[in-house]
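Right, one structure below, let's go through it.
The values are calculated or read from the model by the stated rules, or taken from the named source; none is laboratory data. Only a predicted model underlies this, so the values are computations on that prediction, with no experimental measurement involved. Cβ coordinates were reconstructed from backbone atoms using ideal geometry, including for glycine residues, and neighbour counts include every protein chain displayed.
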Amino acid sequence: MKRFPYASYAFGPSHADGGGSGQAIYFEDNFETGDLSKWNGYGGAGSSYPTNINVAGTVTHGGAYACGFRYVQVFTGVPTGRDTNRWIYKVLAGKTEFYMRGYLYLVAPLTQGLGVQRKLMWCGDDDVAGGTYDCVVTLWETNAGSPSYCTFGALSQHDAGISTGLYQSSSQQVHWDTWHCVEIYFKMNTVNPSDLAPWDGILRTWLDGSEILYGPHVDPTQGYDNLHMNMNGMFSNPFSTFSIGRQTNSYQGEQIDEWRYWDDVKIASSYIGT
Ligand SMILES: [Ca+2]
């Protein structure tokens, strides 16, 4: 875990304060309805239910159902950035600060160690024309060859594809064919219609109950000059759309055909935990 040297910074709620009395549950789904009826819908080019997004009992964290996402790209051999997008989303209006937890399972890919990126969670207001800076939690497959694993990252990304603040942790790993608990604490930056500053949004990330990222904003001593975590940019609209699944990005022209599963998703006012 890497922390940032801002002792005077107004930290968000601590790890230990969640789950008790006073916690408001904004949303939860264990998929035991056997469908996506609790969600507002799904998205991503070529996404289709139940062809490549499917609530099924193939792999579950709890109960009889989880939500699976299938990502497919054909082999080209040409090193080019390509996306496969699959997500389900929930609209919760007016939330500027929240915890979001889910259980994630990545089926081992066909070919490992090629630097594939897998975006996991996305918090933003995609309905705002022109876009804004959304909060993205991502994984990078970092080691070459097989067996490979993924390490955590986070960024804020403009709808136009401009990414800022990519931060990557090398200390915690996500392995194939294993359930992992992923949780974030998100706080929108202070709105300033005339400037992207101040860079005071907060993103905290936990993997299996251990905090692994804490990115309030810039840490110039570490060279992460772009780690702004300027979430929501200049826009006054609070974040409204929360999604899981998101995408698989390949860069080597490799074939992609893999499933990813989510289960026991919850969004709440305080730390949820494993
Ligand atoms: Ca379930």
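General observations
- Within the range 74-85, residues that are under 21 Å from Ser47 (Cα atoms) and in contact (Cβ under 8 Å) with a residue 40 or more places away in the chain sit with their Cβ atoms under 7 Å from residues that are assigned to a loop (DSSP other than H, G, I, E, B) and among the acidic types (Asp, Glu), at 6+ positions apart or across chains, in these pairs: Phe75/Glu254.
- Note on the range 24-49: residues that are part of a loop (DSSP other than H, G, I, E, B), within 16 Å of the ligand (Cβ to nearest atom) and within 20 Å of the chain's Cα centre (by Cα) total 5.
- The number of residues in the range 104-123 that are surrounded by fewer than 20 Cβ atoms within 10 Å (Cβ to Cβ) and closer than 30 Å to Tyr26 by Cα comes to 2.
- Pairs meeting the criteria (first residue in the range 56-69 and within 6 Å of the ligand (Cβ to nearest atom), second residue of a type in the set (A, V, I, L, M), beta carbons under 8 Å, at least 6 apart or on different chains) are Thr60/Ala66; Tyr65/Val55; Tyr65/Ala56; Ala66/Val55; Ala66/Ala56; Ala66/Val59.
- Among the residues of the range 103-134, those that are at pLDDT below 75 and either in a loop (DSSP other than H, G, I, E, B) or closer than 18 Å to Val182 by Cβ (or both) comprise Asp125, Asp126, Asp127, Val128, Ala129, Gly130, Gly131, Thr132, Asp134.
Residue-wise test of (1) surrounded by fewer than 17 Cβ atoms within 10 Å (Cβ to Cβ); (2) in a loop (DSSP other than H, G, I, E, B); (3) within 16 Å of the ligand (Cβ to nearest atom); (4) modelled with pLDDT under 95.
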residue: Tyr6; (1), (2), (3), (4): yes, yes, no, yes
residue: Gly22; (1), (2), (3), (4): yes, yes, no, yes
residue: Thr51; (1), (2), (3), (4): yes, yes, no, no
residue: Val72; (1), (2), (3), (4): yes, no, no, no
residue: Phe75; (1), (2), (3), (4): yes, yes, no, yes
residue: Pro79; (1), (2), (3), (4): yes, yes, no, yes
residue: Tyr89; (1), (2), (3), (4): no, no, no, yes
residue: Gly94; (1), (2), (3), (4): yes, yes, no, yes
residue: Phe98; (1), (2), (3), (4): no, no, no, yes
